[in-house]
Each structure stands twice: as C-alpha cells, then as structure tokens.
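Engineer: Take a look at this one; I'll ask things after.
The values are calculated or read from the model by the stated rules, or taken from the named source; none is laboratory data. If you're wondering where the values come from, they're calculated on a predicted model, not measured in any experiment. Because the Cβ atoms are built from the backbone with ideal geometry, glycine has one as well, and the counts that use them run over all protein chains shown.
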Amino acid sequence: MARTLAQKIWDNHVVRSAPGEPDLLFVDLHLVHEVTSPQAFEALRLAGRRVRRPDLTVATMDHNTPTRGGRQAADDVSGKQMDALEENCRRAGVRLYGMGSRHQGIVHVIGPELGLTQPGLVIVCGDSHTSTHGAFGALAFGIGSSEVEHVLATQCLPQGRPHDLAVTIEGELPLGVVAKDVVLGLVSRVGISGGQGSAVEYRGSTIRALSMEGRMTICNMSIEWGARVGMVAPDDTTFAYLEGRPHAPRGADWEHAIEAWRGLASEENAPFHQEIRLDAASLEPCVTWGTNPGQAVPVGDRVPEPADENQERALRYMALRPGTAMEDIAIDRVFIGSCTNARLEDLRAAAAVIQGRRVHRSVQALVVPGSTQVKLAAEAEGLDRVFQDAGFEWRDAGCSMCLGMNPDILQPGERCASTSNRNFEGRQGAGGRTHLLSPPMAAAAALTGHLVDVRSLL
Amino acid sequence: MEPFRRHQGRMVPLDRANVDTDQIIPKQFLKRIERSGFGPFLFYDWRRNDPDFVLERPEYQGASVLLTGPNFGCGSSREHAPWSLQDAGFKAVIAPSFADIFRTNCLKIGLLPVQLPESSVRRLMELAQEDPALPVTVDLQARTVSAAGFSEPFAMDDFARECLLNGWDDVGLTLRHADAISAYEQHRAAWLPRVPTP
Ligand code: SF4
C-alpha cells in the first residue's frame, strides 16, 4: 500500500512490534539540554544502567544560560543545573556543546546547523519544539524526562502510531507575509488542539518555495496546535542546506544518502486521515491578541469580541478591550529570538526593516541569536551593528526571553512583541503580556512603539 | 512506578480549557535537579494572584482527583507538570482531552489521565461543586469512574493499563528486547550521523 513520509520513517525504525503493544522505535538522534535531563540521568544511575549510545546523543545548554556576562552570570540554581549536565555528559561520554563552545545554542537550532538533523531520522529531545527538525523530513518529537531516561538506557522508545494529517498550502505568499504568518494563520484557523495525535506533513507549492529556515519555523510550531510531529518531505532545498555541514555525509556516502532521502516522500495516493487546505493568497501578517498561539488575527484587524469565558479571561490577562485596533496596541519590549525565529535568515529579515532607523524611545529591544554560530555569522555580515546602531541590545545565544528562565524576563504588566512561539500567561515573566509575530513585524513594532503592519514600512 | 489499580478520593473542579504546562508549573521552578518537591509550586501564579482560586479553597483541600477542561497539559513537554500534580497529592486527572506529551508523561509516572466526554466531566464538576466532600472512585481494573449517581466507563488501551496495574518499569520492559535492539543496530547504514565521544 502507498505510504506517507511519516509511515516510511516509522516502518524503517521498528525494532519490535507485537499485537496490542506500542511499536518499539529506534532513535537515531537524542538531543539533550540542561532542564529536562538531570532527573533522567539520575534515575539511570539509581537503576545501575548506562547510556546505551553516547554516540547518538548530543547535549547543549540553552534554557537557562545567561545571554550576557558568560557562565559566571548564572544564578546558583541555574549554575547547578549546568554543572549537573556537564558532569552527566562527562560520565556518560556524551558530547556537550556547553557555555563557551562555538556550537552552543538552542538545541533545535544547533541540530540542523551541525548537519545532525537529517531526513529519514527519528529524532527526540526532552522539549516540545523538537518538531522543528521535521522540516528536514525527519520524524522528530518532544518527550518527557521519563522518556529521556528510556532513550538514554535503550536508544528506543515505545510509541503508538500517530495518524497522518496533511496540511496543503498552495500559492505565492503575498508581500510581507512570511513563514511565521503562515503558521499563526494556520493555528488560528484550526485551533490549538486541532493536531492532537497526528503526524502532520506540510506540503504544497508554498511550502516547497520556502527556505529551510522558513520550513523550520512552521514545523517548530506544530506542537502549538497539538500535533505530535510536523514534517516536510526532503527535496533539493533540504539537500543544499545540508551539503558540507559538519555531520552531513560526504563523498560516496552523500550519494547514498541522497538516494535514500529521495525515496522518502509520500507516495502519490498515500492515504491521509485528514487534509487541511490553505490558500497562501489569503494569508496576512499576523499577531496574537490572547494567551495561546491560536488567538491570532491579521494585524489590520481589531481585538475580537470574546466568544467564551476562556477568551474573556485571555483579554483580561492581556488588558485588552474588544474592538481596539491591533495597531493601536503600544508595546514596551521587543524580543527577537527563540527556536522559532532566531536563525540567520530571521535576523536578516528583521535587520532589513531596521536598517538606518531607530528603536522607539519607549521600547526596550533585544536580539538573542539562536546559536553561537548564528551570532558569529550575523556579526561577520555586520547585522550586530545594524541592530545596535538602531538601539537593540545584542546578546549571546540561548532561549532567553522565550521562557524567561534566565534573567531576561518581562516585568508584571509589560507588553512584548515577540518572535517566539508561546504567549501563555506568564511565559516571558509573571504578569508579562506577549504578542507573537514574525521577525520583520517585531522589528517594525520596535521602531514604531506599537504593533504595526510591517508593509507600511517597506 | 507505584501500581495504580483503584483510587477513591475527593474531586476539585478546575473549570478551564487548554490549561498549559506553564500554568501547572511555571518555569522558575524547573531549575531543580530533583524529581520531587514540586507540589508547593503547582499552579503557582494562579494560586498567588487569585485568592479565590479553586485549589486554594478550604473545602477542596486534600482532593486527589482533578477535574478540568479539554486539551489539559498543552505546551511544554516538562514532566515537572505531572510531577507537581502527583507531589501535591493528585492520583488522577479527568478531562475531555489531554495534550499528547502530557498524557504520556502521566502514564510513565502512574498519574492516571482519564478521558471522559465533555458532558460527563461537566456533570462531575457539578457534583463536586454541590458537595466538595463527595468521593469519586476511579477504577482502572474496571475502567470506570463512579460517584453518587454517576458511573461511566473510560477508554484506556490494554498495554498502558497493564503497565499501570502492575507498576512496571518501562525501561526494564524494553531492555528485555536488548537482542532485538542489537540486531537492529547491526543493520543501520554506516553513513548515519554519529557523534563519537570526545
Ligand atoms: S527557544 Fe523557547 S521554545 Fe525553543 S527550546 Fe528554548 S524555551 Fe523552548
């Protein structure tokens, strides 16, 4: 029977299957960070077990690393968590790209950058945005700490099959509309639990035309509508991105790999449980008004009338009145960063808007590159100057204000235009208010001091 | 993991949809490297900012079954969320639906995620509001939830149920298939990425 991309990868990784039990899947790549791993390593130790495949495990520090002042700037508890990761990796023989490493960065940014994220792989990480790696045609999903322990010990994970869901997006994106707007537009249409239980494949001409960075932005936010996996079939764009990266196959291996990767795409008549279709021409620059990523509207719209108690609650938290034009919402902070939108292309897109202009005097704006490599590359082309000349702070790589585990947090009541992926209550700091948007839109907000349609500045 | 067979306890109704794991346990508490002690931080901001928050009300103290809205546990994969619920004395969560990773995390630690139709959860919430002392019984053996004048079956796949009933160590189960894992490893293509020990 014709199979989907997800089904092919699944079938290739079944170590054992038995009726009435979940399949036992082999994991090709296990990414580890400091926050969700200490308990897993500890449990392993208590059970007298070893890390089965340190060579398929890679660690970095990202969630609570300071973005200035280096390691010394970390608070005691964060420092302890980083120490624990160092110690655990040392004992287990796991490669760690820690603070000070040229490859340190947000776990979902460094995997692709190192060429570790490849088509056809099963990739897991104790982090819900592991779906990012699906942009390469990998089956990648977030897991909890017990599962991290499971993978460390066995390099496998028992999993029930997801159902297949296709998101087909056709057409050319209108001017000023970027990947982030596509995914915000999608989540606002399907709701934040619409993808539950499914492996999503994004396809269609719009997706094909996107860069790897854009595809990563979309796959990254698959979890924001509840999907287990979000993926794009590998193609020439994928291969061009991977070629020559540190861990990409070389020489004859590269040829073998390409051949295998080309065979992964969903077959013509492969059955999907469901298909969602979207017309690219209908999309606009988007921004969220509420406290989940599905509560988004085109920036030219107004704050909607609440449809239920949950929306009322969201409006109360956000201190917004229905009917207010989104563009009339003044902001205090701008955050350009996170695994959704802090790759080089994102920084370039924001810098293009900012070039030669100044951050509004009432705004404090921050750029946090997704990885140390992104930071170095951006500096090599002078983007740091563009940002700093405009009045942005230019920081070291990490998750930073995406979740505010480090000192980069919003104060209660502060309102932030953010390129991250979650606008949950308190996500960026207790009492803080988050509006999710794209890097160019965040840049525009920084310049004007309020939410604004970036197209008016182009 | 402790086996879960049958639990009787009182309910607390948290009548909200899409409760995300950032609310269940805010990020500032994720810095601990221990697995225990997260109970006091459960719903930290809501407890602190809303004096009337349902989990703070005296009549619901000691409740061990959480009733809540659809898509409970969405967002971050942090297992700290079910740890904090368990640490605060909860044995089961009843909701119309759960986010996938959260549900899996619950199953791994023996906190029972029970999915019931929205109308049934609503009915239980009413019962818990009328009489906060009312006991509910969650029976995994029989796959039923029952309280005064209420009884309803719930679905739970056989394998997950078996693991919970026996309190099986899931890593141990997989390690029984070490031969199959080794056999699989032998056949993996040599060009697949590896990061050898430094
Ligand atoms: S950047 Fe944000 S969403 Fe991404 S891994 Fe870090 S904390 Fe999670």
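Engineer: Which residue out of A:404, A:426, A:413, A:356 is more than 16 Å from the ligand (Cβ to nearest atom) and within 14 Å of another protein chain (Cβ to nearest Cβ)?
Structural biologist: Result: A:413 is the single residue among A:404, A:426, A:413, A:356 that is more than 16 Å from the ligand (Cβ to nearest atom) and within 14 Å of another protein chain (Cβ to nearest Cβ).
Engineer: Sticking with this one: Restricting attention to the range B:32-74, which residues are modelled with pLDDT under 95 and of a type in the set (Ser, Thr, Tyr)?
Structural biologist: Passing the criteria: only B:36.
Engineer: Turning to a different aspect of this structure: Where in the range A:255-349 are there strands (runs of 3 or more DSSP E), lying fully within it, with 1 or more residues that are over 27 Å from residue A:4 (Cα atoms)?
Structural biologist: In the range A:255-349, the matching strands (runs of 3 or more DSSP E) lie at A:286-288, A:296-298, A:333-336.
Engineer: Oh, and also: Read through the list (1) more than 14 Å from the ligand (Cβ to nearest atom); (2) away from chain B (no Cβ under 14 Å); (3) in contact with a helix residue (DSSP H, G or I) (Cβ under 7 Å, 6 or more places away or on another chain); (4) not hydrophobic (A, V, I, L, M, F, W, C), then give the number of the only condition that residue A:419 fails.
Structural biologist: That leaves (1) as the condition not met.
Engineer: Those residues that are more than 16 Å from the ligand (Cβ to nearest atom) and among the polar types (S, T, N, Q), I need them from the range A:112-158; list them, please.
Structural biologist: A:118, A:146, A:154, A:155, listed by residue number.
Engineer: Moving on. State whether one or more residues within the range B:78-101 are assigned to a loop (DSSP other than H, G, I, E, B), closer than 24 Å to residue A:428 by Cα, hydrophobic (A, V, I, L, M, F, W, C) and away from the ligand (no atom under 16 Å from the Cβ). Show your work before the answer.
Structural biologist: Step one: of the range B:78-101, the residues assigned to a loop (DSSP other than H, G, I, E, B) are B:78-79, B:88-91, B:96-97, B:99.
Still in the list and also closer than 24 Å to residue A:428 by Cα: B:78-79, B:99.
Imposing the further condition that a residue be hydrophobic (A, V, I, L, M, F, W, C) reduces the set to B:99.
From what is left, the residues that are away from the ligand (no atom under 16 Å from the Cβ) are none.
No, the conditions are met nowhere in the range B:78-101.
Engineer: Here are some residues: A:107, A:182. Which one is away from every other protein chain (no Cβ under 11 Å) and more than 16 Å from the ligand (Cβ to nearest atom)? Spell out how you get there, then give the answer.
Structural biologist: Values: A:107 fails: more than 16 Å from the ligand (Cβ to nearest atom).
It is A:182.
Engineer: Would you point out which residue out of B:3, B:40, B:96 is out of contact with any Ser or Thr (no Cβ under 8 Å at 6 or more places or on another chain) and more than 30 Å from residue A:38 (Cα to Cα)?
Structural biologist: B:96
Engineer: On the given criteria, is residue A:214 buried (at least 24 other Cβ atoms within 10 Å of the Cβ), within 16 Å of the ligand (Cβ to nearest atom) and part of a helix (DSSP H, G or I)?
Structural biologist: no
Engineer: When only residues in the range A:30-63 that are touching a helix residue (DSSP H, G or I) at 6+ places or on another chain (Cβ under 9 Å) and among the small types (Gly, Ala, Ser) count, which is farthest from the ligand (Cβ to nearest atom)?
Structural biologist: Here the answer is A:47.
Engineer: Just checking, which of A:371, A:438, A:362 is of a type in the set (Ser, Thr, Tyr), away from the ligand (no atom under 13 Å from the Cβ) and crowded, with 24+ Cβ neighbours inside 10 Å?
Structural biologist: A:438
Engineer: Considering only residues that are of a type in the set (Gly, Ala, Ser) and more than 26 Å from residue B:110 (Cα to Cα), look in the range B:160-198 and name the one that is nearest to the other protein chains (Cβ to nearest Cβ). Don't jump to the end; show me each part of the working.
Structural biologist: The first filter runs over the range B:160-198 and keeps only residues of a type in the set (Gly, Ala, Ser), leaving B:160, B:167, B:172, B:178, B:180, B:182-183, B:189-190.
Imposing the further condition that a residue be more than 26 Å from residue B:110 (Cα to Cα) reduces the set to B:180, B:182-183, B:189-190.
On the way: B:180: 5, B:182: 10, B:183: 8, B:189: 7, B:190: 8 Å.
Selected residue: B:180.
Engineer: Look at residue A:314 and say whether it is touching a residue at least 40 places away in the same chain (Cβ under 8 Å) and of a type in the set (Gly, Ala, Ser). Spell out how you get there, then give the answer.
Structural biologist: Numbers: touching a residue at least 40 places away in the same chain (Cβ under 8 Å): no; of a type in the set (Gly, Ala, Ser): yes.
Taking the combined requirement at face value, the residue does not satisfy it.
Engineer: Name every residue in the range B:45-64 that is in contact with a helix residue (DSSP H, G or I) (Cβ under 9 Å, 6 or more places away or on another chain), closer than 30 Å to residue A:43 by Cα and surrounded by fewer than 20 Cβ atoms within 10 Å (Cβ to Cβ), in order of residue number.
Structural biologist: Correct list: B:45 only.
Engineer: Hey, can you tell me all the residues within the range B:20-50 that are over 22 Å from residue A:62 (Cβ atoms) and at the interface with another protein chain (Cβ under 10 Å from one of its Cβ atoms)?
Structural biologist: Within the range B:20-50, B:23, B:36, B:44, B:45, B:46, B:48, B:49 meet the criteria.
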